[in-house]
Structures are given as structure tokens and as C-alpha cells.
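I have placed the structure first, in the form of C-alpha cells, so that the comments after it can refer back to it.
The values are calculated or read from the model by the stated rules, or taken from the named source; none is laboratory data. Treat the numbers as computed from the prediction; the structure is a model and nothing was measured. For neighbour counting, all protein chains shown are included, and Cβ atoms are generated from backbone atoms with ideal geometry for every residue, glycine included.
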Amino acid sequence: MNLIQGENDAGKSTIFHAISYALFNQTPAYGTSTAALVSRGEKNMRVSLEFLDSRTGILYRVTRGREIEERGRSFLCLRKTLVVTGL
């Protein structure tokens with residue numbers, strides 16, 4: 001279990017929304033509308049998550065992002081890498 005603690009407007013909910021977007025391509029608050037996830041003044045956004053399977057030594061990385069335009073492009077990248085363990 002993890003605890004995320006901070007002042008109001010510090011970004012605690014943003015972390016949860018970013019994880020949800022990376023894994024499921026939607027957020028609880030915004031659904032599939034991702035324009036609200038991009039910081040003001042920015043033209044794109046990207047979220048990356050990494051998971052290590054300690055049994056197999058495989059590192060999984062999920063990266064999802066979006067360009068903000070009238071018809072902005074979205075992308076998803078999944079990467080699987082063998083990590084040397086036990087050194």
C-alpha cells in the first residue's frame with residue numbers, strides 16, 4: 001500500500017489520472033477526453049509506467065501520449081526488456 005499526501009492542488013489526483021490514462025486510455029474524471037490532462041501552454045503529453053516482474057526479471061514499460069490539436073494523434077508503446085538480476 002502506498003500513501004500519496006500533499007497540499008491542495010499539489011497534483012495528487014493528477015498522478016492517479018496519469019496512471020489510469022496510461023493503463024486504460026481513460027480517466028475516472030474525464031473519461032476518454034484527454035485534453036484536460038495536458039498542462040496549459042503545452043502541445044502534447046506523455047505518461048510512462050514501469051513494472052518489474054521479479055520472478056522473470058522482465059521489465060515492462062507502458063507509454064501513452066497525445067498531441068493536442070483539433071484532431072491530435074494518440075500513441076501507445078509497450079516495451080518488454082529482460083533485466084539481469086542477482087548480480
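Structure notes:
- Filtered residue count, segment 17-30, keeping only those that are closer than 13 Å to L76 by Cα and either part of a helix (DSSP H, G or I) or touching a Phe, Trp or Tyr at 6+ places or on another chain (Cβ under 6 Å) (or both): 4
- Condition check for I4: part of a helix (DSSP H, G or I) and among the β-branched types (V, I, T): no
- Scanning segment 66-78 for residues that are exposed (fewer than 11 other Cβ atoms within 10 Å of the Cβ) and not in a loop (DSSP other than H, G, I, E, B) returns L76, L78.
- Sole exception among (1) within 29 Å of V84 (Cα to Cα); (2) of a type outside the set (D, E, K, R); (3) out of contact with any Ser or Thr (no Cβ under 9 Å at 6 or more places or on another chain) for A22, by number: (3)
- Under the condition of being surrounded by fewer than 13 Cβ atoms within 10 Å (Cβ to Cβ), hydrophobic (A, V, I, L, M, F, W, C) and not in a strand (DSSP E or B), the residues counted in segment 31-60 number 2.
- Residue count for segment 23-53, restricted to those that are among the aliphatic types (A, V, I, L, M) and at pLDDT 90 or above: 4
- Sole residue being surrounded by fewer than 12 Cβ atoms within 10 Å (Cβ to Cβ), of a type in the set (S, T, Y) and not in a loop (DSSP other than H, G, I, E, B), chosen from T63, T81, T14: T81
- Candidates in segment 60-80 are the residues that are of a type in the set (A, V, I, L, M) and either within 12 Å of the chain's Cα centre (by Cα) or more than 19 Å from K43 (Cβ to Cβ) (or both); of these, the one that is modelled with the highest pLDDT is V62.
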